[in-house]
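What follows is a set of notes on a single structure, which appears directly below.
The values are calculated or read from the model by the stated rules, or taken from the named source; none is laboratory data. Predicted, not measured: the structure shown is a model, and the values here were computed from it. Note that each Cβ is placed from the backbone with ideal geometry, even for glycine, and that neighbours are counted across all protein chains shown. Ligands, DNA and RNA are excluded from the accessible area calculation, which covers all protein heavy atoms including side chains. Shrake-Rupley method; radii C 1.70, N 1.55, O 1.52, S 1.80 Å.
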Amino acid sequence: MATRAESKKKDREDLPERDDARAWLRQMMLIRRFEERAGQMYAKAKVGGFLHLAIGEEATIVGAVRALRDEDYLISTYRSHGHALARGTSPDNVMAELFGKVDGTSGGRGGSMHIFDVGRRFMGGYGIVGGNLPLAAGMALSSDYQGTDDVTLCVFGDGASNQGTFGETLNLAALWKLPVVFMVTNNQFGMGTSLERHSAVTDLHRRGEGFGVPGMTCDGMDVVDTHPVIGEAVARARDERQPILVEAITYRFRGHSMADPEEYRTKEQVEEWRKKDPIEAFAQRLEEAGHLEEGEQDKLDEEVVAQIDEAVQFADESDFPPPESLYDDIYVLGGQVKGWYSVDERSAGVHKGEDEREMAGELGARSQLHAETARELDKKDTKADDGEDSDTAENTDRGDLPKESADSDGANQSPGG
Amino acid sequence: MPVMRYREALNAALREEMQRDEDVFIMGEDIGVFNGAFKVTNGLLKEFGEKRVRDTPISENTIVGMGVGAAMTGLRPVVELMTINFSLLAMDQIVNHAATIHYMFGGQVRVPLVVRMPQGAGHQLGPTHSHSWEALYLHVPGLLVAVPSTPEDAKGLLKAAIRDDNPVIFIEHEYLYGQRGDVPEDEDFVADFGQAAIRREGDDVTIIGISRMAVTAQKAAEQLAQEHEVEAEVIDPRTLRPLDLDTIVKSVEKTNRAIIVEEGWPHGGVGANLAALIQEQAFDYLDAPVARVTGADLPMPYSKPLEQIAFPHEPQVVEAVLATFRDV
């Protein structure tokens, strides 16, 4: 079970080729700017529900996703905008999903926590902590069953490593020799509970040993370290037909979600980690290596900001899903399945379904009003635009919304509910 | 038509569908080497091998979740859970994932998964192996729910479930496994979801029996005819989602009385739901309040005399039917 993790980090610190290196940097910057803007859009009430930003974790995302082939499956969590972007999903569609619009990746059905792009084999963000591990093993089982050499990369957080599905899935994946890489993005906190307060064994990469799953670690603040480690894990899963657990040690600079007053950590700790900013550190190394000219990062930044501007405009101009689409895609209809009740087809006449439709219409109108109000606020150009200051609900226009707490995390804010 | 036991009919459905479609595979606890806790999967490991008949560890949530993941990526898994009580361990994967994924991701992927499991009391298995929970799954949009009560339906509905592109909760009954009945041999025989069966015709009262209670309802109906000159129409909905409400409403419009018989708990049960639907849709036709005969509102006791009075038998059904005539 000799793993790369045992070798010294400096052994694998070769920079990628110039073009690759610049592409990695640009992608990390795109994710950073996307997340910042998403935060601002949340503050302006254009984004509803919960919003979990991955600022600080860009190296774990780009390093990992870039280690995959196009046919490999990627499955993530509720903090997955970056994974979709790194996979090649347009920021337009991800932003539109956040806005709840028809052009969103899931047509506005999933929201921030449930991004999905089947065409790019990005098999979803999931709102249930640890819920995606069994799915990942099932996808790897499909690859195995179908005789392909596709690998599934399953990303989850340190908090998820305490769910029952973690042990169950690692055992089954090892038992059945499934080509799956479990990547625990250890950002030091399961929501507001720090690693040492939620986990008896804090070296999370060791937690697969008892299940026969070898562990590796990487510096999740360093894309040059993350990429080869995930690359090796993916190659081993592909060639040796066995699961690997990789722990990427990282830190999220923002709160768990936008409604997080961050009382569980000190400003000093955040500042210490911010000194290791994965984008700044990588850019500096590219400059030193001559891959990036002086001032070029600013130019790249202008490019990605323009791309995000376009994404916001796209999302703004996209329509809300029409009320009559409310019942679409609950079921795959057709063939022998008939006689629906409480679904849609029986709604005409006596069933309350017609009322539901009417109510949906009213809600649709209300959403429209909501959006118009948001646009008004937009014009007033509040200080929420500063982004960094708009982390918590209190200092935003969304102060009236319920605050996220341990027992409301993941709660559905259904309209009228 | 050949006569088969319910478990043999299920076995035939699995075998035929696995022969028909390479993407169909089965997994569950002790379904292979052990041949199934209730012998439903008897002989399938031998015929299809370990790739397609997969014994799993005791990890219900993960087994079902792997079925969801495999279904999302092109396979058609059939997962067996040993009893419906154990399915609660998999509730997250069933409700938050299987039922939700097609809708949540805007229809981008399908989840053609079948989760099979038996329910029901009568074998003195006590409070963690004996319940009847079709109501729990009926509650969830995104799932289909089948409750076959005959060997013919066991085969026809399971084949339909495997071919369907939606996640199906397929609820068998422990008591029914040994029951015999005619089963079509035709490999293309598939039962319709959303098509109730009228088990017995009658003009005086409509009895709707769920799962094994469809059998109990028929026995009660015979007793009513012989001893009380009451001709009951017995309806077995066969699937609860989709529900063939038309057949039920039409019957109630004819008989003006409705009784729902189920083994599950009364509060929030199938009967509660059907009673609401019937009064919404056929209120003007009712000559008596819709009545329910349900399992007792308690965890199932072990001791035989207690267990036997904790779920419905023919006398309770007969009494409930007669009461609808007395109360008016």
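Some notes on this structure:
- Mean projected area (nm²) of the alpha-carbon convex hull when the protein assembly as shown is viewed from all directions: 33.7 nm²
- Approximating the spin labels as points 7 Å out from Cα along Cα→Cβ, the A:Ala281-to-B:Leu306 distance works out to 6.3 nm.
- Residues whose amide H comes within less than 5 Å of that of B:Glu172, counting only those at least five positions distant or on another chain, are B:Met117, B:Gln119 (H built at 1.01 Å from N in the peptide plane).
- Gap separating the Cα centres of region B:306-328 and region B:10-30, nearest whole Å: 39 Å
- Note that the protein assembly as shown presents 39 Å² accessible area per residue, ligands and nucleic acids not counted, probe 1.4 Å.
- Backbone geometry of region B:121-128 corresponds, through the Karplus equation with coefficients 6.51, -1.76 and 1.60 at θ = phi - 60°, to 3J(HN,Hα) couplings of 9, x, 10, 6, 9, x, x, 10 Hz, x marking Gly and Pro.
- Per residue, the Cα convex hull of region A:10-321 amounts to 126 Å³.
- Applying the Karplus relation 6.51 cos²θ - 1.76 cosθ + 1.60 with θ = phi - 60° to region B:203-215 yields 3J(HN,Hα) values of 10, 9, 7, 9, 10, 9, x, 9, 6, 4, 5, 5, 6 Hz, where x marks Gly and Pro.
- Residue-averaged [θ]222 nm for chain B, counting only DSSP H segments that reach four residues, each worth -39500 (n - 2.57): -10500 deg cm²/dmol
- Anisotropy class of region B:72-184 from Cα gyration tensor, a/c 1.5 cut: oblate
- Which listed pairs, of A:Lys101/B:Lys51; B:Lys219/B:Lys304; B:Lys155/B:Lys219; A:Lys101/A:Lys267; B:Lys159/B:Lys304; A:Lys177/B:Lys39, have C-alpha distances above 31 Å, in listed order: A:Lys101/B:Lys51; A:Lys101/A:Lys267; B:Lys159/B:Lys304
- Looking at region A:122-186, the pairs of alpha carbons with a distance over 17 Å make up 34% of the total.
- Which of A:Ile31, A:Ser106, A:Ser90, positive extreme of dipole for region A:10-321 (C-beta unit charges): A:Ser106
- When the alpha carbon coordinates of region B:225-265 are projected onto the principal axes, the ranges are 35, 25, 15 Å, largest first.
- Charge dipole (chain B, unit charges on Cβ, about Cα centre) - positive-most of B:Thr56, B:Met213, B:Gly194: B:Thr56
- The antiparallel fraction among DSSP beta bridges confined to region A:10-321 stands at about 10%.
- Considering only GluC sites (Glu not before Pro) in DSSP loops that have at most 16 other Cβ atoms within 10 Å, the longest stretch of chain B without any of them is B:51-184.
- Sequence-distant residues sharing a close amide H with B:Phe105 (under 5 Å, placed H): none
- Between B:Leu243, B:Leu14, B:Leu125, the residue with the greatest mean-square fluctuation in the GNM of chain B (Cα pairs under 10 Å linked by springs) is B:Leu125.
- Evaluated at q = 0.13, 0.15 Å⁻¹, a Debye calculation over the C-alpha positions of chain B (equal weights, vacuum) places log10 I(q)/I(0) at -0.93, -1.21.
- Spatial separation of Cα centroids for region A:258-292 and region A:84-114, in angstrom: 26 Å
- Most fluctuating residue given options B:Asp284, B:Asp55, B:Asp182, as computed from a GNM of chain B linking Cα atoms under 10 Å: B:Asp284
- Karplus 3J(HN,Hα) series, Hz, for region A:86-99 with 6.51 cos²θ - 1.76 cosθ + 1.60 (x for Gly, Pro): 5, 7, x, 5, 5, x, 4, 6, 5, 5, 4, 5, 4, 7
- Sites A:Tyr264 and B:Met91 - FRET efficiency at Förster radius 41 Å, r taken between beta-carbons, to 0.05: 0.85
- Computed about the Cα centre, the dipole magnitude for the protein assembly as shown is approximately 1680 debye when only Lys and Arg (+1) and Asp and Glu (-1) carry charge, each at its Cβ.
- Close amide H contacts of A:Met216 (hydrogens built in the peptide plane, cut-off under 5 Å, sequence separation of 5 or more or a different chain): A:Leu245, A:Val246, A:Glu247.
- The protein assembly as shown: antiparallel DSSP beta bridges as a percent of all, rounded to 5: 20 percent
- Estimated distance in nm for a label pair at B:Glu47 and A:Asp70, the labels positioned 7 Å out from Cα along Cα-to-Cβ: 4.1 nm
- Per residue of A:141-148, other chain Cβ atoms within 10 Å of the residue Cβ number 5 on average.
- Measuring nothing but how far apart in sequence close Cα pairs (under 8 Å, 6+ apart) lie, relative to its length, region A:180-319 scores a relative contact order of 26 percent.
- Model label sites at A:Arg18 and B:Glu319, defined 7 Å from Cα along the beta-carbon direction, differ in position by 9.1 nm.
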